[in-house]
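To start, the structure itself, in structure tokens.
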Amino acid sequence: MRISTRTNGLRRSERLSLAFCAAVAAIFGVLAFIGALSQTIAALFNTEIQATLSTVATVPADAANGSAALVTGTFATADVTLTGVSVAARVLLGSGILATGLMYATLAAAVVFLCVSLWRGRPFSRLATWLLATASITLLAGGVLGQGLSVAGQFMIASELNPDPIGSVFPFAGTGTLFPLVAGIGLGVIAAAFEFGQRLQRDTDGLV
């Protein structure tokens, strides 16, 4: 006699894969939130704070001594430890870190919810559509807000290190990534697909 290993249409290997993905996403989300919270507290209250600033420092000519020769090079960013930073710069930097951490935690929560919905065998629900749409908006807004605040904080710190940006190692510039925007748009497309799937599922249930 053959024993079925399916639950809600899923094989055991598929259920294990979903459980693994959900666990990894949950751990990532928790670590992202805790890390962002601790970095925010450090940025606001520590005497010395850590920051990543844009830089135009030249790579030393003697940095390479192997078979390949270094022609020229510059450093794009620098991880620095600072003291005497103004409260306004600390608030901007800390707020950007917190917003970015919440954004990544939201993305992780969306992945966990998707895995759980697939595990249950009925992923296309109104709640799933609304949660994915909310996560998409949160990623888009959080990405823009978080990076905007962080860049503003980097600008202010650079101006406090050297009020004259001409010739300064730390110019009035900031660092950022397009990942939050791409991820937010991707989740928005998935939310639209879930809305379509919900309608198909409702129509199918009416035929049974």
Note to self: Yes or no: the stretch 197-207 includes at least one residue that is open to solvent by less than 30 Å² (accessible area, probe 1.4 Å), at pLDDT 85 or above and not basic (Lys, Arg).
What the structure shows: no
Next item on the list: Sort out which residues of the stretch 162-182 are assigned to a helix (DSSP H, G or I), touching a residue at least 24 places away in the same chain (Cβ under 8 Å) and among the aliphatic types (A, V, I, L, M), and write them in order of number.
Entry: 181
Check: Filtering the stretch 87-141 down to residues that are closer than 15 Å to residue 195 by Cα and not in a helix (DSSP H, G or I), which residue is least open to solvent (accessible area, probe 1.4 Å)?
Finding: 123
Notebook entry, point to check: Is it true that some residue in the stretch 41-54 is surrounded by 18 or more Cβ atoms within 10 Å (Cβ to Cβ) and either of a type in the set (Val, Ile, Thr) or modelled with pLDDT of 90 or more (or both)?
Noted result: yes
Checklist line | Number of positions in the stretch 153-174 that are at pLDDT below 80 and either hydrophobic (A, V, I, L, M, F, W, C) or in contact with a Leu (Cβ under 8 Å, 6 or more places away or on another chain) (or both) | finding: 4
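The values are calculated or read from the model by the stated rules, or taken from the named source; none is laboratory data. This is a predicted model, so every value here is computed, not measured. Backbone-built Cβ (ideal geometry, glycine too); neighbour counts: all protein chains shown. These accessible areas exclude ligands, DNA and RNA; they are computed on the full protein's heavy atoms, side chains included. Shrake-Rupley method; radii C 1.70, N 1.55, O 1.52, S 1.80 Å.
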